[in-house]
Every structure is written in C-alpha cells, then in structure tokens.
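Encoded as structure tokens, the structure appears first; notes follow it.
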Amino acid sequence: MFESTDQPRVFGLPPGADFGNELVAGLHARFRNMSVVDIARTEIFVNTARMQRRIRSIFDDGLARLLPRVRLVTDLAFDAQASGIPLPVSSLRRRLELIGVISALLDKEPDLAPRAALYDLADSLATLMDEMQGEGVNPETLQNLDVSDQSGHWQRALKFLNILGPFFSAIAVAPDKEARQRLVIEQLVESWRISPPTHPIIVAGSTGSRGATGLLMQAVARLPQGALVLPGFDSIMPESAWDSLGKQGSGEDHPQYRFKTLLENLSLTPKDVVNWTEDPIYSNARNKLVSLSLRPAPVTNDWMREGPKLDDLAEATRDMVLVEAPSPRIEAETIALRLRQAAEDGVTAALITPDRMLTRQVAAALDRWDITPDDSAGVPLAQSAPGRLLRHVGDLIGTEQTAEKVLIVLKHPLCNTGGGDRNQHLLRTRELELRLRRYGPPILDKTALVDWAERTSENDPGRLAWANWLGDVINDLAAADEALLADLLAFHIHCTEWLARGPDGDDAGALWEQTAGREAQRVCTMLQTDSDAGGVLSTFDYVHLFNAVLAQGVVRDRDLGHPNILIWGTLEARVQGADLVILGGLNDGVWPESPAPDPWLNRQMRQAVGLLLPERRIGLSAHDYQQAVCAKEVWITRALRSADSETVPSRWLNRLTNLLSGLPEQGGPELLERMRDDGAMWIAKAAALQVPEQVTPKAKRPSPQPPVAARPKELSVTRIKTLIRDPFAIYAEKILRLKQLDPLKVTADPSLRGEVFHKILELFIASRPDATDPAALRAFLTITERVLQERCPWPTVRMQWLTRLTRIAPRFLSDEAARQSIGSLVLIEADGAVDILNPAFRLIAKADRMDRDQNGDIIIYDYKTGEMPSAPQQEKFDKQLLLEAAMVERGAFDDLGPAKVASAAFIEVNSSMRIKPAPLEKSPADQVWSEFLELLRNWQDPGTGYTARLAHFSNKQSSQYDHLSRFGEWSMADDIAPEVLK
C-alpha cells in the first residue's frame, strides 16, 4: 500500500474535509495496486463506533469487494489474543467494588460525605483511576505530591485517594479496561519491535491525546506498512506558529497542539505530514482565515503581518452566516426555521453543539412542523417510560407508601399492560384517587385498599382482586430492608414486572418492549451480572445506586428521526459531513465548555503528576470547531443574553470577528456585517413566528341564568359574601357541583393553620378555664402541643406554630380575662339554621363562640387567622357576624333560643390580637335580615344572572373558578353577557 520510507508515515486531512468519505477515497486509490488478499488483511483502527459504522457504510455503498478490517482502538482492551493479561473487569463492577470500600470509610467517618453521593464518589474515583492508568501514573506519585501550600481539603481528599492503592496492586489479576488497554498496547508495541507486521495498519481519526492511544499511534507510524491519518490537520499554519506551541507551557488549548506533540514524539515536523488525498477542499481561503484567527496566543501579532495577505475574504466568508439572537429561545427558533428550510430543499443539515438545552429547544421548535431530528445523543433512559417506572417503583422500596407515590405508579402508561383491562384499571385508579383526596389515609397498605374495595365494589366485581394485587405489591415494597445488591435488584425488577403485568396478566406487560424497554433490560442485566460485587446495601443506598446506573443508559432510535435533519455532539461531528453545518450556542462556557470542577486534584497537582490538564478539553473542542467551521455552508449562532445576564461570545468567534473587523482594506468589516445581516434576516423570520395573530376573544363575561328550581336552597353565612362578590362561584359550586379536588399531600397552608388554631381555641375555651389563673397558660400550651402533634406532621412547621402561639398566649389570656369578666360561655362551635318560607331558603351557620352577658344578652365571637374585614366591608359584603346576630334573635340555635345580641366581634389570632367589632349599631339585626330577604328575592328572579367577579375587591383577587369563566379573555370592565339556561 505504501512506499518504503525511513521515517514514520503520517498523513493528514484538512479542516472542513468529510473525514469518512476522504479516508475511504484515499483507501480506494491505494487499493488499486493491491491484491484482494492484501486488502482483506489491511487493519484500520478508529476511535469511535460511529466512525467505524460510517466507514463501513461508505464501503457498502461502493463496489462489491473484500473489505479491510475496521477496528476500534478501545477494543484492544478486550483482545483475547494478548498473552498473560487477564480480561478486564467491567467499569460497573469496579465502581461497585469502590462503593463497598467508600461505604466502609463513611461508616467510620460519616462527616466526609453524604451517603447519597456513594455512586458519584465511586464514579469520580473510577474515572480518575482510568486516567491514571491510561497515562501511566501510579498512586505513589500522589502520595509524594508537595502539598505544603494546599489547604486541609487535601487531607480529606487523600482519604479517598488512598482507596485506589489496592486496585492498582490488583491490576495483574483483574485490570480495568484502561489498564488492560495500555498493557495490551505496550505488549503489542514490543512484539512489533521484534517482528513488525508486513500488512497495512492504519490509525485514522485520532489526535493521540490519550497516553495509551499515543503509544499505539507512534508504533503504527513506524511500521513498514503503518500509517496515521490525522483529522483536521492545519497544513496552512506557518512553522513559526507551530514552534510557539508548547513554549512556556502554553498552547495546549490550541486545536493543533496534540499534533505538535505527536510529531515531536515521532521526530517529525509539520512539513513531513502528507495529504491523504488530492481532492481539493471546499475553500482554501476559509481555511486560511480560520487558521490565522486561531493562532497561538504568543504569535497573535501574526495578524498584523499576515492579515493583509488574506487575498480573498469574500471567498472565505461566502456561505457563512452569523446569528446573534437576543435570547436562547429565539436562537433555537431561528435554527429550527433554517433546518425546516433544509428539509424542504432536500439537503443534509446538521446542528453541532455541546449544549443539550439548545438541542431540546430546537427539537421542540421543529415539532410544530412534524419534523423529528435524528439526534445522535438520543433520550436519557431515565426519562423514558420504562426508566420512569423503574425509578418510581424504586422510590417505594423500604419507605412509607404514600398516596402520591402509589398513584404515580398506577397512572404510569406501562402499569397493568399485561393483558388485563387497562381502561378498568384507570377507572379504579381515578376512583381510588378521589377517595384518597377526600378521606385519606395519607399512607397506604393492603388493609386500607381492601377496605375501600369492599365498600365500593357493588358495580365492579373485579375491584377487590385489583385491590388485593396492589396491596400485595405495596406491602412487599414497604417491608423491604437492607440486603445483598443482587437480591434487592431482583426484588426491584420483580415488583416492577408485577405492576406492569397487572392482576390478570401473565408476563411483564409492555415493560421490556420497544427500544427503550430493551435498553432498560440491558442496563438491568448489566447490573445483575456484576451485582455480586455490590455487597449488602440499605434500601436508601440501593435506590441511589440504581438511579445513578440507570442514568448512564441512552435510548437511540435510528429509524425515528428525519434522515436529513441531524443533531450531533462535537464527538459525532468529527466523522460526519453535511451540506449545511450549524454551530449552535457559540458562547463562552458552551464552546468551549467550562471545565468541570475536579474534586481531587487541582491544575498544579495534575501537571505535577503528569495527568491531563483542563486545557486539553479546550484544545479538543477548538479542534472540533476548526473542523466544523471550515465546512461548505456554515451557520454560527449564539444568544446575546442567557436567562439572567449577558453572554460572552466564544473565544474563537471573538477571534474571528476581531480579525475580520481589523481588515478594512480587504472589506472585512463589511463582510462581517453581511454575515450578521443574513443572520438578522432569519432572526426576524423566526421572531415573526412568535407574534400571535390578532384574535378577537370569543369568550364574554358570563352571567348564567339557571331556572329558579335549580338555584341553591341553602347557603352558609360565610358564602353570602361570595354570592355578593362573585355569584359565578356559587353557580359553579352549588348548581354545577364543581369543587376543587383536595390535595393528595396535605401542606401547611393557611387553611390548615386556621383549622388547627381553631381547634386549639375550641378545646381550651371548652374547658372553661379561669384566664386570670397562672395555670391557664400551662393548660393552653399543653392543649396546643397536643393538637399540633396530632394535626401537624411537619416538625419544623409544628415548632414555628408552637412558637407563634406561645408568643401570643399571654395577650390572648389577658383579653380572655376581660371577655370572661363581661360574659360567660354558652355555646362553642355550635350549628344553627333559619328556615325561610318566602322565598323557600335555609340559612345555616357554625358559630365559633357565644357568651351571655350579665343582662342575658348574647355576645358573638369569631376567630380569624387571616385578614379581618373592615366595618364598611361587613356592612356591604362580609355579613357573616351581622347575619349570625340576626339568626340568634330568630332562635336559630336550639340550645340558645331567641335572644338579643349585645355585640359581635372578630378576634384576630396573630401577633397583634386585634378585635374588630361588627357594626351592629349601623346595621341592626332587623335591618340586616330585611336586606337579606331582599337579596334572596332578587336571586329568585329568573332574570338575575350569576355574574363572574361581580364585585371583587381587586382585579388581582383570584377565584378557583376563573378558568371556568375564562377570565383573562374578558376583563372586569367588559359588559355582562347574560345567558338563559334551561
């Protein structure tokens, strides 16, 4: 294949070249003079499975022939022919082994880290160990680090790093994948030194940035028929720029730095790198412009000297568009619009970005046109249907089976899909939910479920069997305790399949079906295979471990996406080609990504021990950028602002725009402005899509007029205010019988606070204490503590409310003593009612408290934990106390009889303990009752409608029925639209 030479053989493909196509084209050219046997013996090593598939696909599209062997460099770790080197343990097994050691360490020193971080710690340590093995760094090197200027953090980190020592010692028996790959490569290199192979061996597409891969590439380049094919090699960069790379520790963030290191190790210069093919690249002018813009920092003064020599900037910037969108959303919409155009034109378009949020926004925007992009990253398994069900069932293991958790599982689309009646399952789930919302209990078990089924199974004979099935599952899940990882995993899978199967099914339902199901089963099987290394785990540790392993899975469906609309990560883009390339999210922190914080070693430590520096990732990202930006048609997009601040453009985009702006004699600023104008045109188109059409609201301010017979015949005094202010709420609640569902999970909201405080006051006042007795305070606090313990399950909230009541207790007892001095308790939490004949109506009330004064008259008290109404509000709207007074004088309370009301007042139960009297002088009982009867007669008029928000206190005040009245499509200034109902 290759002519003999005395020096290592290195080829290159320039930035912008379709690496896969050009690699195969160069191979075809060299195969012409080779026999079919020699072609079949040719070995090609690539660094990603995607590149391997691409090369095979290109060969498949050509003539029928024997093909070369296309292998992955990483497959050398599993090469069974390597003598004397045991096969590697799986990465998951190594992490499970680390979890056991870390768990033991945390048992001794629990302050080192939370147990929920077990898997994350093991994963981080395993990653560090892989890197150390790949770069040939021993644990002893870490022990010998000079940390005299470091903080005490190093001592904490060292306790974890010391864990790695025994694993390095066991490499000869059970090596990791990285360790075995390096051992295999070292053995292979040694065997080649003694007896070099004569068949062609090529390493293609790798930059040699990892230690073991670099060793392989150096050995292959020196073989008689060995060669390297470097991707994105910049042959335009002058010798002075190459020489500056690596000087004074600089240059590792440059896209060509890895090639410089590789060539130095081979004793070569950039001039020794030969073009792999003679095919012309799309734009030599573009490559020159980009290469100059990316010059290493020490020689950026080359801009002044070489910038004026760029002879054709128009050619360099042709088919380049710069999109500077005002927000990430507009950026995504603009990209989606261009991708849609590409789909209509039948051209291949690829969005390349490391920003997964941007890709999700673009995919969502494309969905409006029913375009599903082919996303190389796929969907996280944990977000797929099987992944979610496995996670939800995991949340039930060894914990209380709350109604919320159980209903999440029952409503999952994969639950009860094993052959039973899914519709009946959903109906039973709905009825169970309604029961739990209204009556509870908050914690479910089989007894509660069976009791519910027995009470409500008259029209559903299968309900009891369904309740027994569900009860058996949740009882088993709740009873789970610490066990071996293998047993917990088998139990987890069994319960998940049990729920997916349903009470009448005979398999796992749809749990393991489709692509996502198969991937979930693969991950579970993988964990099952290595579970013996996990040891004994608590259910808490198991759930966090399982979720972390599940998060590693990815669901990819190659047949789902549009064949011409592609979304690639930067790694996938290295081996692909497209007619249109869009570099998305070109802001600092995205391109390049911000270096992830290293919990173990800072930059100086890494450099001291010979590990990879953060700049390496920046340099690889720069290399990806250089390859992509030199494509035929290129879009560069960024958002000027993020969600909370202005963004900083990527350093590479900054260099490009600054270079163009500094070349006015060649028209650089005008060409840059043209690029921005082209982008602004597409931004305007995308923004136009967001402008809603002028729509005339069809909904009007409702005022339904139901028949008189359908109107409510009973209301509480507390609902009269609603009848006056928002009649539509009474219509929805009493006539349509629509009520807001109770929450599944009770929270410490103002409603519960009012209920709890009322109960405390009720029990205390009912004991008829002497408020002047010092023992009354202790009695009040005792009752408070007991009620809070019974009705407030949150310790923090319980303590807050106890503190509040303790603070106001002295003031309350002082006021209570004054109340006791003018009257004695006669009724507490008493029900009363008055029946009205014309019109036929029943007014009911529940009085908090009534006292009788020395004259035999009644004093009404009502406790308020919320805002108290003012006197004018009570006169016009909030007539609760005024109506209660009128009811007392009409004998509404059986134990009281008709009686005169001396006074009525609201008592505010908070720090101020204010008292707000009812305006009985301005609104005496007879007048209030007469006005009330007039109000009732008005509502008996068929022409009186239940108008929405008739007299709300403010426009901001909400109603739970606003969505039903479609408030927002109309305003409170709109005319009322009466509607006669029959």
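Restricting attention to segment 91-132, the residues that are buried (at least 16 other Cβ atoms within 10 Å of the Cβ) and part of a loop (DSSP other than H, G, I, E, B) add up to 1. Can you list the helices (runs of 4 or more DSSP H) lying wholly within segment 310-405 that have 1 or more residues being surrounded by fewer than 23 Cβ atoms within 10 Å (Cβ to Cβ) and among the polar types (S, T, N, Q)? Of the helices (runs of 4 or more DSSP H) lying wholly inside segment 310-405, those with at least 1 residues that are surrounded by fewer than 23 Cβ atoms within 10 Å (Cβ to Cβ) and among the polar types (S, T, N, Q) span 328-345, 356-366. If you check 639, 748 for being in the same structural domain as residue 925 (by TED's automatic domain parsing) and small (Gly, Ala, Ser), only one passes: 748.
The residues listed here are 197, 139; of these, the one that is more than 27 Å from residue 623 (Cβ to Cβ), modelled with pLDDT of 90 or more, not assigned by TED's automatic domain parsing to the domain that holds residue 527 and not basic (Lys, Arg) is 197. When each of 358, 366, 390 is tested for being more than 30 Å from residue 652 (Cα to Cα) and under 24 Å from the mean Cα position of the chain (by Cα), the lone residue that passes is 390.
The single condition from (1) within 30 Å of residue 9 (Cα to Cα); (2) at pLDDT 85 or above that residue 105 fails is (1). If only residues of segment 567-602 that are within 23 Å of the chain's Cα centre (by Cα) and in a strand (DSSP E or B) are counted, the one that is nearest to residue 650 (Cα to Cα) is 587. Taken together, 782, 796 contain a single residue that is hydroxyl-bearing (Ser, Thr, Tyr), under 23 Å from residue 768 (Cβ atoms) and surrounded by fewer than 17 Cβ atoms within 10 Å (Cβ to Cβ), which is 782. Report yes if residue 420 is outside the structural domain of residue 576 (by TED's automatic domain parsing), touching an Asp or Glu at 6+ places or on another chain (Cβ under 6 Å) and either more than 28 Å from residue 561 (Cα to Cα) or surrounded by 15 or more Cβ atoms within 10 Å (Cβ to Cβ) (or both), otherwise no. Taking the combined requirement at face value, the residue satisfies it.
Of 867, 816, 790, 785, all but one fail to be modelled with pLDDT under 90 and either over 30 Å from residue 724 (Cα atoms) or in contact with a Cys (Cβ under 8 Å, 6 or more places away or on another chain) (or both); the exception is 790.
Among residues of segment 520-536 being among the aliphatic types (A, V, I, L, M) and under 21 Å from residue 497 (Cβ atoms), the one that is nearest to the chain's Cα centre (by Cα) is 520. Taking the numbered list (1) surrounded by 14 or more Cβ atoms within 10 Å (Cβ to Cβ); (2) touching a Gly at 6+ places or on another chain (Cβ under 9 Å); (3) within 26 Å of residue 540 (Cα to Cα) in turn, residue 479 passes all entries but (1).
Output yes when any residue across segment 645-659 is out of contact with any strand residue (DSSP E or B) (no Cβ under 7 Å at 6 or more places or on another chain), loosely packed, with under 14 Cβ neighbours inside 10 Å, not assigned by TED's automatic domain parsing to the domain that holds residue 139 and not in a helix (DSSP H, G or I), and no when none is. Looking through segment 645-659, at least one residue is out of contact with any strand residue (DSSP E or B) (no Cβ under 7 Å at 6 or more places or on another chain), loosely packed, with under 14 Cβ neighbours inside 10 Å, not assigned by TED's automatic domain parsing to the domain that holds residue 139 and not in a helix (DSSP H, G or I).
The number of residues in segment 553-566 being assigned to a loop (DSSP other than H, G, I, E, B) and touching a residue at least 40 places away in the same chain (Cβ under 8 Å) comes to 6. Looking at segment 866-982, the helices (runs of 4 or more DSSP H) lying wholly inside it that each contain 2 or more residues that are in contact with a Pro (Cβ under 7 Å, 6 or more places away or on another chain) sit at 871-876, 925-939. Checked against (1) surrounded by fewer than 21 Cβ atoms within 10 Å (Cβ to Cβ); (2) on the phi < 0 side of the Ramachandran plot, residue 514 passes all but condition (2).
The values are calculated or read from the model by the stated rules, or taken from the named source; none is laboratory data. Owing to the predicted nature of the structure, the values given are computational and were not obtained by experimental measurement. Here the Cβ is made from the backbone with ideal geometry for all residues, glycine too, and neighbour counts use every protein chain on show.
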